[in-house]
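K.L.:
Below are the structure tokens for one structure; questions will follow.
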Amino acid sequence: MKWTFWFFLLFLFLLINEYLAKFMLAVLVGDLGFSDAYTKTFQYASLDSYLMSARYRALPYIALAAFALKSNSTNSKVGRIVIWCIALFITAFHFYGYWGMQHSLFTEEHTSSTSGLAVIWFPIWALLFSGIAYTLIFAVQKAYRMFQKRV
């Protein structure tokens, strides 16, 4: 993989987190201005809390990076596209999870006492779903190639 993939993967890992989701929720759902949204988002933020969630959020990114380094999939165009798509899927899944986890903070809904566990479980689910997605895409690609050889 080229350096752009590694830069993009690191960028996605650092940018997409629960603070970005909370900021977007404050602006879009809470109808706050940017300065009020910034204050609401980072009022209880600390480097320790960011690093704690980053440890879990790193799991699927590290697995994807190891897979991209060791796999022969990066030798084909389809394999590189699939790896890029999985990186985007992991990021979108994290953002969706953090959005859902904090959505009730800006509405009249009740916030569950266990919603903080999403910080741990969404990366694990993202890892599981991305592995399943790669397996399905790989199986379809193999079946297509086998069908092409027969025809």
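The values are calculated or read from the model by the stated rules, or taken from the named source; none is laboratory data. Because the structure is predicted, anything quoted here is derived from the model rather than measured. Here the Cβ positions follow ideal geometry from the backbone for every residue, glycine too, while neighbour counts run over all protein chains shown.
K.L.:
Quick one: in the range 74-102, which of the residues that are touching a residue at least 12 places away in the same chain (Cβ under 8 Å) and small (Gly, Ala, Ser) is surrounded by the fewest Cβ atoms within 10 Å (Cβ to Cβ)?
P.N.:
Gly100
K.L.:
Does the range 58-66 include one or more residues that are β-branched (Val, Ile, Thr) and part of a helix (DSSP H, G or I)?
P.N.:
Scanning the range 58-66, I find at least one residue that is β-branched (Val, Ile, Thr) and part of a helix (DSSP H, G or I), so the answer is yes.
K.L.:
Quick one: would you say Leu88 is modelled with pLDDT of 90 or more, part of a helix (DSSP H, G or I) and either out of contact with any Asp or Glu (no Cβ under 7 Å at 6 or more places or on another chain) or of a type outside the set (S, T, N, Q) (or both)?
P.N.:
Here the answer is yes, as Leu88 does meet what is asked.
K.L.:
What are the pairs with Cβ atoms under 8 angstrom where one residue, in the range 127-143, is under 16 Å from Ser76 (Cβ atoms) and the other, located anywhere, is of a type outside the set (Ser, Thr, Tyr) and loosely packed, with under 15 Cβ neighbours inside 10 Å? Sequence gap at least six, or different chains.
P.N.:
The qualifying pairs are Gln141/Val78.
K.L.:
If you take the residues of the range 97-130 that are β-branched (Val, Ile, Thr) and assigned to a helix (DSSP H, G or I), which of them is modelled with the lowest pLDDT?
P.N.:
Checked the range 97-130; the qualifying residue modelled with the lowest pLDDT is Val119.
K.L.:
Would you mind stating whether Phe23 is part of a helix (DSSP H, G or I) and within 18 Å of Phe129 (Cβ to Cβ)?
P.N.:
No; evaluated as a whole, the condition is false for this residue.
K.L.:
Quick check on the range 103-138: of everything there that is exposed (fewer than 14 other Cβ atoms within 10 Å of the Cβ) and hydrophobic (A, V, I, L, M, F, W, C), which residue is nearest to the chain's Cα centre (by Cα)?
P.N.:
Per the stated criteria, the residue is Ile124.
K.L.:
Only one of (1) farther than 14 Å from Asn17 by Cβ; (2) touching a Lys or Arg at 6+ places or on another chain (Cβ under 9 Å); (3) polar (S, T, N, Q) is not met by Ser113, so which one is it?
P.N.:
(2)
K.L.:
Let me ask another. I want to confirm something. Restricting to the range 2-18 and keeping residues that are buried (at least 17 other Cβ atoms within 10 Å of the Cβ) and more than 16 Å from Ile86 (Cβ to Cβ), which single residue is farthest from the chain's Cα centre (by Cα)?
P.N.:
Residue satisfying both the conditions and the ranking: Glu18.
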